[in-house]
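Take a look at the structure set out below.
Rule-based calculations on the coordinates, nothing more; no lab input. Computed from a predicted structure; not experimentally measured. Virtual Cβ from ideal backbone geometry, glycine too; neighbours counted across all protein chains shown.
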Amino acid sequence: MKKREPVKKIDNVIFFPGLEKRLTDKGLEKLEKKKFHEAINLLEEAREHDPDNHEILIGLVLAYFEASSFKKAKELAKEMLHKGIGDYLQMVDLYLTVLIQLHEYHEIIATIEALLDEKEIPPEKHDHFLTILQFSRRMAENRQPETDIDTNPETIAIIPAETNIQELNLFSIDSLNEQMLLVSSLAEKNIRPYLSEIADYLAADAGHPFLKTILLTLLKEQEIDRELTVVKFAKEKKIIPTQLPEVREEPRLTEVKAFLADQLESENPGLFENSIRMAERNFFISYPFELEPKSPAAWAAAFHHMAHYYLGMDSNIHQLADEYEVQVEEIEDAMARIELIEKISYPNI
């Protein structure tokens, strides 16, 4: 006979067995449905009953992040790192993502340099963290501390406004990292004076697909509603930025994640995390184009197989075809596309 869970009692309040599990499940369900504030309330309550549960805490960090409560997300992620809760590198990645949103580049630099000094970064992750480190160093150099800003009206009057500079000259910059720095700086500016040049860049055969995605997200954020042409991988598409889905909410990506969750989330969380990250990279670089083949199950199987390969694990493509109920040929088509995209997905230093 299964032993009953003991009843919990905190501050004279009785909590029935399994309450934190139900709160967690409901909180994560609200997070999945983009109801971030409801998710926060439920996960905060679950945290009171189980304060060191990594599933609850990661869900809470993500909910804070999606609700734009970046400072709360930062503090909780930092607390988890100090306590060693959850997968260490996953938490570092999450912490750095929050810091980027807060423009805390010096903290990013200190964190990554500490990882490098302690040799905590596995070889396959070196390029990823070095790219973030180099970018953060340049952003830190180009951001003037608020304490150094002269607020004298007479001084301000003679400083040319950034919004008067209407040329980016993206095509004249050879360094991809310099281009990335320039494009990222547009997040803090009115993008409209640069629209003509951005439109040319999006429509050109030249130009890095990664940077084009960043530009599209900035155009969407600033509610640009004019029709533009985007060219990626020899394909052309007419788009209106305001009508594009969010990169992380692209419908087929959501379906792919659901298939991966069904197959891997409980059975192998580490492989699941690697598969999800690969899926997000590939859909990010391809945005706003739809990936071929169209079957989300085939793409999920391909990411599953490729994650096995990258981690040095054996994988049977025929078995995966049966598990995901797709044709082997569809998986192979998706894998060929993944290999192409992975080679150029992010700028290398």
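In this model, which of K212/K343; K30/K237; K71/K237; K33/K220 are farther than 28 Å apart at the alpha-carbon?
Values: K212/K343 16 Å; K30/K237 34 Å; K71/K237 38 Å; K33/K220 21 Å.
As for pairs spanning more than 28 Å Cα to Cα, those are K30/K237; K71/K237.
Please report the net charge: other residues with Cβ closer than 13 Å to the Cβ of V231, K and R +1, D and E -1.
Details: positive: K212, K232, K235, K237, K238; negative: D200, D205, E236.
So the environment of V231 carries a net charge of +2.
Express in nm, to one decimal, how much length is gained between E178 and I344 on full extension, taking 0.36 nm for each residue of separation and deducting their alpha carbon distance. Don't jump to the answer; show the numbers that get you there.
Values: separation 166, 0.36 × 166 = 59.76 nm, distance 1.64 nm.
Residue separation times 0.36 nm, minus the Cα-Cα distance, leaves 58.1 nm.
How long is segment 21-97 along each principal axis, judged by its Cα atoms, biggest number first, in Å?
Largest to smallest, the principal-axis extents are 26, 25, 16 Å.
What's the ranking of 118-125, 216-223, 272-279 by average number of surrounding C-beta atoms within 10 Å, highest first? Before the final figure, lay out the partial values.
Values: 118-125: 10.8, 216-223: 17.6, 272-279: 21.1.
The most tightly packed comes first, giving 272-279, 216-223, 118-125.
I want to check the label-to-label distance for H103 and T229. Put each point 7 Å from Cα in the C-beta direction and report it in nm to one decimal.
Result: 3.5 nm between the two label points.
Could you point to the label whose value was computed as Kirkwood radius over Cα pairs in Å for the structure here, given (i) 20.8; (ii) 22.8; (iii) 29.8?
(ii)
In whole Å, what are the extents of segment 168-232 along the principal axes defined by its C-alpha atoms, from largest to smallest?
30, 25, 18
Just to confirm a number: summing +1 for Lys and Arg and -1 for Asp and Glu over residues other than E120 whose beta-carbon lies under 13 angstrom from that of E120, what do you get? Mind showing how you got there, number by number?
Working: positive: K119, K125; negative: D87, D93, E113, D117, E118.
Cβ neighbours under 13 Å give a net charge of -3.
What length, rounded to one decimal in nm, is gained on full extension from A114 through to L89, with 0.36 nm per residue of separation minus their alpha-carbon distance? Working shown, then result.
Working: separation 25, 0.36 × 25 = 9.00 nm, distance 1.29 nm.
Length difference between fully extended and current span is 7.7 nm.
Given the -39500 (n - 2.57) contribution per DSSP H run of 4+ residues, what per-residue ellipticity at 222 nm results for the chain, rounded to the nearest 500 deg cm²/dmol?
On the way: 16 runs with 204 residues, N = 349.
The helix-only estimate for the chain comes to -18500 deg cm²/dmol at 222 nm.
With unit charges on the beta carbons (Lys and Arg positive, Asp and Glu negative) and the dipole taken about the Cα centre of segment 268-349, which residue among A302, Q319, I285 sits farthest to the positive side?
Final value for the positive-end residue is I285.
Please report the projected area of segment 223-280's Cα convex hull averaged over all directions, in nm².
Working: hull surface 20.0 nm².
Projected area, direction-averaged: 5.0 nm².
Taking R0 as 22 Å, what FRET efficiency do you get between S315 and D127 from their Cβ-Cβ distance, rounded to the nearest 0.05? Could the numbers behind the result be given before it?
Numbers: r = 23 Å, r/R0 = 1.07.
About 0.40, to the nearest 0.05.
How far apart, in nanometres, would the label points at H49 and S266 be if each is projected 7 angstrom from Cα along the Cα-to-Cβ direction?
Distance between the two pseudo-spin positions: 1.9 nm.
With the alpha-carbon atoms as the only input, what is the per residue convex hull volume for segment 234-340 in Å³?
Numbers: hull volume 10.2 nm³, N = 107.
Dividing the Cα hull volume of segment 234-340 by its residue count gives 95 Å³.
If you count, for each residue, the other Cβ atoms within 10 Å and average over each peptide, how do 330-342, 231-243 line up from highest to lowest? List each step's numbers first, then the result.
Working: 330-342: 18.1, 231-243: 13.5.
Put in order of decreasing packing, that is 330-342, 231-243.
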